[in-house]
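The values are calculated or read from the model by the stated rules, or taken from the named source; none is laboratory data. Quick caveat: nothing in here was measured; it's all calculated off a predicted structure. A quick note on method: Cβ atoms are made from the backbone with ideal geometry, for glycine too, and the neighbour counts reach across all protein chains shown.
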There are 2 protein chains.
Amino acid sequence: MDFNSFLTSLGTSFLIFVVLMLLFAWLSRRPGNEVVYYPNRVLRGLDAWEGRRRTRNPFAWIQEAFSATEADVVEAAGVDAAVYLIFLGSVLGILVFSGIVLLPVLLPVSGTDHNVKAHAQNSNGTFNDLDKLSMGNVQEKSPRLWAFLLGTYLISFVTFYMLWKSYKHVSDLRAAAKSSPEVKPEEFAILVRDIPSAPPDQTIKEQVDSYFRTLHPETFYRSLVVTDNKKVNKIWEEIEGYKKKLARAEVVYAESKSTSKPNGTRPTNRTGFLGLIGAKVDTIDYCNEQIKELLPKLEAEQKLTLREKQQAAALVFFNKRPAAVLASQTIHAQMLDRWTVMEAPQPSQLLWKNLPKKLYEREVRQSIVYGVVFLIVVFYMIPISFISAITTMENLRKLLPFLKVIVDRTAIKTVLEAYLPQLALIIFLALLPSFLMFLSKAEGIPSESHAVRAASGKYFYFIIFNVFLGVTIGGALFSSLKTIIDHPKQIVSMLGTSLPASATFFLTFVALKFFVGYGLELSRLVPLIIFHLKRKFLCKTEAEVKEAWAPGDFGYATRVPNDMLIVTVVLCYSVIAPLIIPFGVVYFALGWLIARNQALKVYVPKYESNGRMWPHMHSRILAALIIYQVTMFGFFGLKKFIYAPFMLPLIILSFIFAFVCKKRFYLAFYYTPLEVASRDLKEIPNLESIYAGYIPPCLRPEKLEDVDQFEDAQSHTSRTTSF
Amino acid sequence: MDFNSFLTSLGTSFLIFVVLMLLFAWLSRRPGNEVVYYPNRVLRGLDAWEGRRRTRNPFAWIQEAFSATEADVVEAAGVDAAVYLIFLGSVLGILVFSGIVLLPVLLPVSGTDHNVKAHAQNSNGTFNDLDKLSMGNVQEKSPRLWAFLLGTYLISFVTFYMLWKSYKHVSDLRAAAKSSPEVKPEEFAILVRDIPSAPPDQTIKEQVDSYFRTLHPETFYRSLVVTDNKKVNKIWEEIEGYKKKLARAEVVYAESKSTSKPNGTRPTNRTGFLGLIGAKVDTIDYCNEQIKELLPKLEAEQKLTLREKQQAAALVFFNKRPAAVLASQTIHAQMLDRWTVMEAPQPSQLLWKNLPKKLYEREVRQSIVYGVVFLIVVFYMIPISFISAITTMENLRKLLPFLKVIVDRTAIKTVLEAYLPQLALIIFLALLPSFLMFLSKAEGIPSESHAVRAASGKYFYFIIFNVFLGVTIGGALFSSLKTIIDHPKQIVSMLGTSLPASATFFLTFVALKFFVGYGLELSRLVPLIIFHLKRKFLCKTEAEVKEAWAPGDFGYATRVPNDMLIVTVVLCYSVIAPLIIPFGVVYFALGWLIARNQALKVYVPKYESNGRMWPHMHSRILAALIIYQVTMFGFFGLKKFIYAPFMLPLIILSFIFAFVCKKRFYLAFYYTPLEVASRDLKEIPNLESIYAGYIPPCLRPEKLEDVDQFEDAQSHTSRTTSF
């Protein structure tokens, strides 16, 4: 890519960004759009604009994003969003500090040397102006390389400093959230898995109660045994479906009561498949009937489930916060594959189906999933090419003859032929995050937030391996892989050789990411269009409209790995081609600003993990730093710089830093420190409602007072009754 | 080594063994020797012989060792000894089971082939009859190799079975000991380290008290802050020294009162260096004076130490056993390098000096120690050769001229010249265990038993690397090492090539170990001689005599690695040269028998770690098994056996087995499961005496009632008093 096309691409991206920004400024102030641009505020019952519609300044949101405090962010979007902002902020800090020192020093140092020119004159190759500003322009064995070596040291130390500060900050934030005087149900419960099979005269519930009452005589409150809810859930969902249909039919009926037809038309539907066949019935009556019929069924099934379908997992509740912390960190059984305990996740993020999975089953599942992910990361191109090969025009015509009409038109044919192979790839890449999420849940992970972290890790490996390594080492990736396995040392020099060549590509890549990506993110064009379409054609009831604009959460599982890719790219090129630093700065500055806006006004968190994601981010930034240091070591070696071994202490230092951080901070993200859990609560917790919070909706009794009955239903099994 | 010399060596060893056994049978029944042969029984206040002196059967001890139950062993020598016996028993079981199947099958299979003979005829080499019975005698690509492959599978599965059974057994044994109704001080305490520096208006003691009282309001009992006892200990030891001297002098004085001299001679001594110079004084008066003078000094220093020399570690006591368990497994502080907690070791095995060492200091120390151990293991020959080179005759004469008189005599000179180089090696090897123990303690380990385990691990690496690999790969070890590092795959084929050659050496080695080693162990010749010499020439008081026969403990730090070496050797040769199996069986059978005898009658455990050593032994047996499997894989490869890859599933299986064992059992050896600690106690524990048990002797008040004063002394610092 020469310099001109680089500028063109940059210019186009910027133009798109400006257009999207203007669109945002205009659209966000149109009436009716507040639920798309301010859903978080709407849901929290705040005025969307706070009387701001009068201010004509389209950039007011920037000022607002800046002036909001961290406490505002935590209040609006939880600790997780605040931690994500800290992550963006730390990387931004690293890049700004490094850029201020490195750019004025390294650009002249490399710009005034002549290596590229010399090579270009020798061969008949071309060179572009960007390459002149990179380390590639410095001649071999030149003492100028000292500047680059010191630059690497600088960036490393800045990274250490920022990461240390951020880790401490996040740790305090987490401790503050965990020790807040609000009563949170998950802080009074522990999750118990791998419950051994009960003796024949006891239900699992009774066994759990007696076990924990013996071990925690003074602090045990109650237990809730996980049940197999598949059947009861189906009935419950059926009822909910009829309730929705009923509400919709009532709205339709009310709307049809115009002045001309004061009685209106009662809506009807067919009872058969998809409402297309079968007898025609009055919808309102039909739904009411169905619900009336299903309710006793549900009740019977609820009782049966509670009594007979208890499984080998339970939530155990304690009457004090510190007691739950003490219990969650102590091994209970002498054989450690029984009665395993952990802190209970929030009720909303429990993955109920995974809870009863046994320890060894989880381990086996994890191994298999890891194997599958490894295959996907390394060999994902193979099935794609295979699918592309099958889905040629000819094959499609043969297999799906009804497509013939379309396929035979020349214009469509040309387009399809050009895009079909890419289509398979695009579909694969679009489905990948969901697939990785599915795989993570299949591991037997008990909570949503943990599954998100696991999926994020998997996506990170995929993206680093295929984008970063894929682009730099290029098509020779597989042959390179063989070399790496046989001669592990060569990876260093290989990265050193390949990196500089793709510097320009990544400059454009980063620019595209932030201009187009962030433009779309901020303007929310896609959700806006979908919302308006849905409101116009589909939604009838209030609930349905609300569902149409429901904002969703940040989606850390893909967002974080994408940011991590940029961190890795920018760090690795920071000294080789320092021009990438400003691009990185813009990426993370815009990212920070927009994420802050979205956190304050748009996204609504699905769960709260109190910043549990941070160690994950921290270790990946450090991994990027170490990759970078190793690459630089190889690169200095290629430049025949005899002081290259001076990189080694730095690499060792990075490992020591990682070790110290882990020792000092990590476990407090895995467990809750007792100190933190022991701070006083605002009020005496209502244990009954805490307990009720964990009852799954399909089993939940109508009133809080019925919770005792719920518990009784689990305890006293009348084995004589046969079902 | 040819067959005849092998038999000769075997015969000699056996002869020595028989002589030692007869000596034991005779000596152990001589009056006055009971304290050497039955010290454990004497100390427990039992009759040494239980009226057995009449029975003339010199092998009664064998029958007694057999008939004793495990409970007897636990009672006499603790759980650790019982676990050591289980270790010997499991290995014995593995070898017996394997031998019964393998010997009748593999010996004929290899004995009837002709590989060795064929080779011997081709070259002009010699072969011995033993080699004919080994796998080396089977021809390449022979289908007979299937028998050896299946043999490897058999041994592996027998090992899995025995190890699983033993792990379960030891785990139960440990749980039984930990849940025993006896009150043990360590079960009510936790060890707290890395206490942050106290605010200026508080002592550390006050800080610890308020911290733990807040976090464990209902279960906290008291705390004992570790102090710097160096100075007070010195004074205390001085007093104890004078007390001993006094006792001795009084005995001497009493003995001198014969009928001829009714007043006796009052013993005297000189006050100067080593009692050689200085003024002559009456010992009894002098000691009394000194003690009287030192006592107030001690008291003042005690007060000062308690108040002003508090350090960053403490023992915290709880009023219930489960409370201590809960507290010991829960992280307390948000920053994890502060207030680290662990289960308290027994008072007797606390390494006080290591307790206040900070987390990072411990990590740094550990890294350095590991580095030093690595250097010792790999390069220990270098300093030895260096010392040998220096300590030649000529150098000795120059450096130590006073030795000239001895060195110049021809006879002595010849002997010295022959043995000096070996002498350095022997001294090094003799000092090594103590040095490794010193290194382990320098890591900052808090308890004696943990240090023993650490030293045992280090010694294991040394002995495996230098004896096992040293002998098999031989002098080419260092050049081999380079090959291994460059081409890691070659280690497999290298082991495969080198092992068979040294089979005969190891047969002799094992035989020597059990005949001579166990003979000496049982007959206790060395302790016997030392005891009699001491009693005759040194001991005056009862206490001194008791000290002279004090039996010591098993010395696991060297005993276990030595056994592990035999396990590794026997396992690795079990299929290659099955003849080693009977030797292994005899080694472990005799070992089991004699260790049982020693546990019941001789050794007195210094500490009780409740079988904490077992996971250490388990993982090393497994490691030996995996080394063995890898070696066999290489060996099959060398024999050009195309089914050699069938070994791979077995190796993977071994790793899975190790993983499952770790998941299921290990943590219960690291922590105490709550289930175990929650069983009822026999009596209401006397918390005051538990607390007093942890006060170091130099600070211990005279009476139990003074414990409160002791605690007060730590709490109320009068900062105004200046010292």
Practice item. Sort through B:Val208, B:Val183, B:Val226 and tell me the only one that's over 22 Å from B:Cys698 (Cα atoms), buried (at least 17 other Cβ atoms within 10 Å of the Cβ), out of contact with any helix residue (DSSP H, G or I) (no Cβ under 6 Å at 6 or more places or on another chain) and away from chain A (no Cβ under 14 Å). Key: B:Val183
Point to revise | Where a residue in the range A:613-628 is closer than 21 Å to A:Tyr153 by Cβ and its partner, wherever it lies, is among the small types (Gly, Ala, Ser) and outside any helix (DSSP H, G or I), with Cβ under 8 Å and at least six apart | key: A:Tyr628/A:Ser574
**Study point:** helices (runs of 4 or more DSSP H) lying entirely in the range A:500-548 (those with 2 or more residues that are exposed (fewer than 15 other Cβ atoms within 10 Å of the Cβ), under 25 Å from the mean Cα position of the chain (by Cα) and in the same structural domain as A:Ala577 (by TED's automatic domain parsing))
**Key:** A:525-537
Study note, to complete from the structure: In the range B:242-292, anything touching a strand residue (DSSP E or B) at 6+ places or on another chain (Cβ under 7 Å) and of a type in the set (Val, Ile, Thr) is listed as B:Thr268, B:Thr271, B:Ile277, B:Val281, B:Thr283
Study note, to complete from the structure: B:Arg596 passes all but one of the listed conditions (1) touching a residue at least 40 places away in the same chain (Cβ under 8 Å); (2) within 14 Å of another protein chain (Cβ to nearest Cβ); the exception is number (2)
Point to revise | The listed residue being surrounded by 13 or more Cβ atoms within 10 Å (Cβ to Cβ), under 30 Å from B:Tyr242 (Cα atoms) and without any contact (Cβ under 8 Å) to a residue 60 or more places away in the chain, out of B:Ile368, B:Ile291, B:Ile331 | key: B:Ile291
Review point. From the list B:Ala300, B:Ala323, which one is among the aliphatic types (A, V, I, L, M), assigned to a helix (DSSP H, G or I) and within 14 Å of chain A (Cβ to nearest Cβ)?
Key: B:Ala323
Revision key, fill the gap. Scanning the range A:132-166 for residues that are surrounded by fewer than 21 Cβ atoms within 10 Å (Cβ to Cβ) and farther than 30 Å from A:Phe641 by Cα, the one farthest from the other protein chains (Cβ to nearest Cβ) turns out to be A:Lys165
Study note, to complete from the structure: Residue pairs within 9 Å by beta carbon, gap of at least six or interchain, first lying in the range A:7-22 and at pLDDT below 85, second not in a helix (DSSP H, G or I), listed first then second, are A:Ser9/A:Met1
Practice item. Kindly indicate the residue of the range B:426-472 that is surrounded by 21 or more Cβ atoms within 10 Å (Cβ to Cβ) and without any contact (Cβ under 8 Å) to a residue 60 or more places away in the chain and also nearest to B:Pro615 (Cα to Cα) among those meeting that condition. Key: B:Ala454
Practice item. Run B:Trp339 past the list (1) more than 22 Å from B:Ser609 (Cα to Cα); (2) within 14 Å of chain A (Cβ to nearest Cβ); (3) touching a helix residue (DSSP H, G or I) at 6+ places or on another chain (Cβ under 6 Å); (4) not acidic (Asp, Glu) and report the number of the one that doesn't hold. Key: (3)
Review point. In the range A:307-317, is there at least one residue being within 14 Å of chain B (Cβ to nearest Cβ), surrounded by 19 or more Cβ atoms within 10 Å (Cβ to Cβ), closer than 30 Å to A:Tyr671 by Cβ and out of contact with any His (no Cβ under 7 Å at 6 or more places or on another chain)?
Key: yes
**Study point:** Residues located in the range B:654-681, provided they are more than 30 Å from B:Phe188 (Cα to Cα) and away from chain A (no Cβ under 14 Å)
**Key:** B:Ser654
Point to revise | Pairs where the first residue, in the range A:249-263, is within 15 Å of A:Asp282 (Cα to Cα) and the second is in a helix (DSSP H, G or I), C-beta under 6 Å, 6+ apart | key: A:Ala249/A:Thr283; A:Ala249/A:Ile284
**Study point:** Selection within the range A:553-591 - touching a residue at least 60 places away in the same chain (Cβ under 8 Å) and among the acidic types (Asp, Glu)
**Key:** A:Asp563
**Study point:** Sole exception among (1) within 14 Å of chain B (Cβ to nearest Cβ); (2) closer than 26 Å to B:Ile331 by Cα for A:His616, by number
**Key:** (1)
Exercise for review: Please indicate, with yes or no, whether at least one residue in the range B:353-365 is out of contact with any strand residue (DSSP E or B) (no Cβ under 8 Å at 6 or more places or on another chain), at the interface with chain A (Cβ under 8 Å from one of its Cβ atoms) and surrounded by fewer than 19 Cβ atoms within 10 Å (Cβ to Cβ).
Suggested key: yes
Point to revise | Among (1) aliphatic (A, V, I, L, M); (2) at pLDDT 80 or above; (3) more than 30 Å from A:Tyr211 (Cβ to Cβ), the one test that B:Ile690 misses | key: (3)
Revision key, fill the gap. A careful count of residues in the range A:549-598 that are assigned to a helix (DSSP H, G or I) and under 22 Å from A:Ala455 (Cα atoms) gives 16
Exercise for review: Report yes if some residue within the range A:684-700 is within 14 Å of chain B (Cβ to nearest Cβ) and part of a helix (DSSP H, G or I); otherwise report no.
Suggested key: no
